Number of protein chains: 2
Amino acid sequence: MAREITGFSNPLIKRVRSLREKKFRKAEGLFLAEGLRILTEAREEGILPEMLFHAGSTHPLAQQLIAAMEAADCDVILTTPDILSKISGKDNAQAVVGVYRDRVTPLERIDRAGADIWIVAQSLRDPGNLGTILRTGDAVGAGGLILVDDCVDPFSVESVRASMGALFTQSITQARWEDFINWLRAGPGQLIGTSLKATHDYQEPAYASPAFLLVGNEAQGLPADYEAQCDLLVKMPMMGKADSLNAAVATAVMAYELLNQKRRA
Amino acid sequence: MAREITGFSNPLIKRVRSLREKKFRKAEGLFLAEGLRILTEAREEGILPEMLFHAGSTHPLAQQLIAAMEAADCDVILTTPDILSKISGKDNAQAVVGVYRDRVTPLERIDRAGADIWIVAQSLRDPGNLGTILRTGDAVGAGGLILVDDCVDPFSVESVRASMGALFTQSITQARWEDFINWLRAGPGQLIGTSLKATHDYQEPAYASPAFLLVGNEAQGLPADYEAQCDLLVKMPMMGKADSLNAAVATAVMAYELLNQKRRA
């Protein structure tokens with residue numbers, strides 16, 4: 001279904017723009033993703049938006065998206081570049097903006113045997129870090145990201161952008177720590193934390209599968225009692241003055257070590 | 001020299017606040033760094049700010065900074081929390097804000113034998129990525145960061161913050177590509193690029209020392225003619241749908257591989 005909106009005060013435009021705020025995303029169960037690259041990644045995963053906004057782009061990827069939407073009888077809205085900028089909150093709007101249904105996988109529906117690596121983030125505060133961790137998860141063949149405690153919203157515009165489409169390829173779960181631990185201990189899975197207090201270098205252990213890589217808050221790291229529940233605590237060598245890496249960087253260095261061990265096995 | 005400023009319209013406050021903009025940083029050769037952790041890291045490197053602003057913090061690290069400034073007869077300015085917020089552009093100001101002289105190392109003053117790893121970034125656009133790469137450089141014992149072409153300003157508030165103090169421990173160089181290549185080829189040094197076109201896995205080569213790790217622009221990667229000038233082109237395994245990693249993540253995965261090879265040697 002194709003239609004056209006050219007009025008700034010159109011209620012749908014206002015509603016879509018409101019999805020830049022967490023409370024409206026939560027209330028609607030919807031989120032925004034922007035740009036041909038990310039929307040195409042989603043389409044290739046078989047995921048189409050509930051609504052697609054464009055300003056008449058003739059780019060082949062935009063045309064493919066529109067065709068896929070029309071074939072599925074989905075809502076395609078032609079609008080002006082100015083309104084597209086208003087929705088995306090940026091002066092240079094992307095060619096397309098999609099409104100997607102959020103997709104959270106409950107703990108009990110995670111197929112832990114489906115991947116060798118899972119990433120667990122605790123109280124992650126930075127949406128760029130969260131999106132970057134999703135992107136890294138995709139790269140190392142992780143199954144998904146499990147968010148425990150009070151993490152930043154994975155469906156924020158900034159997180160979606162940093163994920164570069166991995167938000168659509170990685171499963172996303174939100175859980176309380178107790179629920180996560182109970183679920184984890186009900187099946188196979190090695191919980192690996194990185195900690196300044198660790199005595200093992202991160203390249204020392206032979207990691208098991210599935211491995212659950214636990215990443216702590218950017219400023220505080222992991223709480224001591226969470227560390228105590230890990231099967232392994234490891235640390236990366238730090239040759240300089242600083243005692244820690246950026247959270248997304250630490251996750252990637254660990255995740256590639258896990259992947260490299262599986263590749264050698 | 002300690003003094004007090006309580007007026008919002010004080011010319012010094014306006015001048016310091018202007019350092020949030022690149023043109024004023026460039027004109028003055030000064031930049032801002034905020035927070036006890038980063039300023040203490042700098043102090044431990046023997047680097048004191050030209051001016052230190054605080055709002056009467058009783059934190060021991062703030063007291064140590066103030067004492068070091070007074071011992072060196074440097075400018076310590078007591079101000080109000082509101083003015084500190086105004087300078088730092090945030091509602092929750094840090095306890096201390098320092099104004100530092102910028103520190104750029106010319107190519108010809110780089111001691112390439114002084115470190116096994118050097119990082120070279122080309123047209124990097126994101127200040128968070130730049131700061132994170134500095135932080136990773138510190139962690140792997142890199143000598144410094146060489147910025148070629150039109151990179152984002154390493155002295156922006158966001159870059160300084162993401163570096164977590166590594167801006168003070170890593171040397172920073174800005175150079176045109178031709179000048180960098182001429183300097184590089186006048187001495188020992190292996191130039192290693194990451195590329196989608198590479199045929200070698202990043203764990204395959206035995207890297208030489210000093211290694212110069214070349215990182216490309218976030219969206220475009222490296223220009224083809226820059227890749228052609230690399231001694232080695234390698235790629236990280238990508239197991240998912242995406243074909244690339246975040247620039248700071250890719251740098252870290254490569255940099256830890258270099259470090260791990262040196263650790264084993």
May I ask you to list pairs of residues, at least six apart or on different chains, whose Cβ atoms are under 6 Å apart, with the first in region A:30-45 being over 14 Å from A:Pro60 (Cα atoms) and at pLDDT 95 or above and the second being open to solvent by 10 Å² or more (accessible area, probe 1.4 Å) and of a type in the set (Val, Ile, Thr)?
A:Leu32/A:Val157
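Which members of region A:71-84 meet the condition of being in a loop (DSSP other than H, G, I, E, B) and either small (Gly, Ala, Ser) or surrounded by fewer than 14 Cβ atoms within 10 Å (Cβ to Cβ) (or both)?
Those that are in a loop (DSSP other than H, G, I, E, B) and either small (Gly, Ala, Ser) or surrounded by fewer than 14 Cβ atoms within 10 Å (Cβ to Cβ) (or both): A:Ala72, A:Asp73.
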Of the residues B:Ile66, B:Ile47, only one is under 23 Å from B:Gly7 (Cα atoms) and either surrounded by 14 or more Cβ atoms within 10 Å (Cβ to Cβ) or of a type in the set (Phe, Trp, Tyr) (or both); which?
B:Ile66
Condition test on B:Ser123, is it within 14 Å of another protein chain (Cβ to nearest Cβ), among the hydroxyl-bearing types (Ser, Thr, Tyr) and open to solvent by 10 Å² or more (accessible area, probe 1.4 Å)?
no
Would you mind telling me which numbered condition in (1) at pLDDT 95 or above; (2) open to solvent by less than 10 Å² (accessible area, probe 1.4 Å) B:Ile87 fails?
(1)
Inter-residue pairs, beta-carbon under 7 Å, first over 23 Å from B:Arg20 (Cβ atoms) and in region B:64-88, second in a helix (DSSP H, G or I) and open to solvent by 30 Å² or more (accessible area, probe 1.4 Å), 6+ apart
B:Ala68/B:Arg43
In region B:159-179, what residues are within 13 Å of chain A (Cβ to nearest Cβ) and part of a helix (DSSP H, G or I)?
B:Ser159, B:Arg161, B:Ala162, B:Ser163, B:Ala166, B:Leu167, B:Phe168
Candidate set: region B:90-110, residues that are hydrophobic (A, V, I, L, M, F, W, C) and modelled with pLDDT under 90; chosen: the one surrounded by the fewest Cβ atoms within 10 Å (Cβ to Cβ)
B:Ala95
Could you pull out the residue among A:Gly131, A:Gly165, A:Gly137 that is open to solvent by less than 10 Å² (accessible area, probe 1.4 Å), more than 22 Å from A:Leu222 (Cα to Cα) and not basic (Lys, Arg)?
A:Gly165
Across region B:111-124, what is the total count of residues that are under 17 Å from B:Val148 (Cβ atoms) and out of contact with any helix residue (DSSP H, G or I) (no Cβ under 8 Å at 6 or more places or on another chain)?
2
Check A:Ala252, A:Ala206, A:Ala247 and return the single one that is without any contact (Cβ under 8 Å) to a residue 60 or more places away in the chain and aliphatic (A, V, I, L, M).
A:Ala206
Filter result (buried (at least 20 other Cβ atoms within 10 Å of the Cβ), part of a loop (DSSP other than H, G, I, E, B) and away from chain B (no Cβ under 14 Å)) within region A:213-262:
A:Gly216, A:Leu222
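Of everything in region A:183-208 that's hydroxyl-bearing (Ser, Thr, Tyr) and within 14 Å of chain B (Cβ to nearest Cβ), which residue is surrounded by the most Cβ atoms within 10 Å (Cβ to Cβ)?
Keep residues of region A:183-208 that are hydroxyl-bearing (Ser, Thr, Tyr), which gives A:194-195, A:199, A:202, A:207.
Restricting the remaining residues to those that are within 14 Å of chain B (Cβ to nearest Cβ) gives A:194, A:202.
Details: A:Thr194: 26, A:Tyr202: 22.
Once the filter is applied, the top-ranked residue is A:Thr194.
Yes/no per residue for (1) modelled with pLDDT of 95 or more; (2) within 11 Å of another protein chain (Cβ to nearest Cβ); (3) not in a helix (DSSP H, G or I):
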{"residue": "B:Gly131", "(1), (2), (3)": "yes, yes, no"}
{"residue": "B:Asp138", "(1), (2), (3)": "yes, yes, no"}
{"residue": "B:Gly141", "(1), (2), (3)": "yes, yes, yes"}
{"residue": "B:Ile146", "(1), (2), (3)": "yes, no, yes"}
{"residue": "B:Phe155", "(1), (2), (3)": "yes, no, yes"}
{"residue": "B:Ile181", "(1), (2), (3)": "yes, no, no"}
Of the residues A:Ala93, A:Ala33, A:Ala68, A:Ala113, only one is of a type in the set (Gly, Ala, Ser), part of a helix (DSSP H, G or I) and farther than 30 Å from A:Ala186 by Cα; which?
A:Ala68
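The values are calculated or read from the model by the stated rules, or taken from the named source; none is laboratory data. If you're wondering where the values come from, they're calculated on a predicted model, not measured in any experiment. Every residue, glycine among them, receives a Cβ derived from its backbone with ideal geometry; neighbour counts consider all protein chains shown. Ligands, DNA and RNA are excluded from the accessible area calculation, which covers all protein heavy atoms including side chains. Shrake-Rupley method; radii C 1.70, N 1.55, O 1.52, S 1.80 Å.
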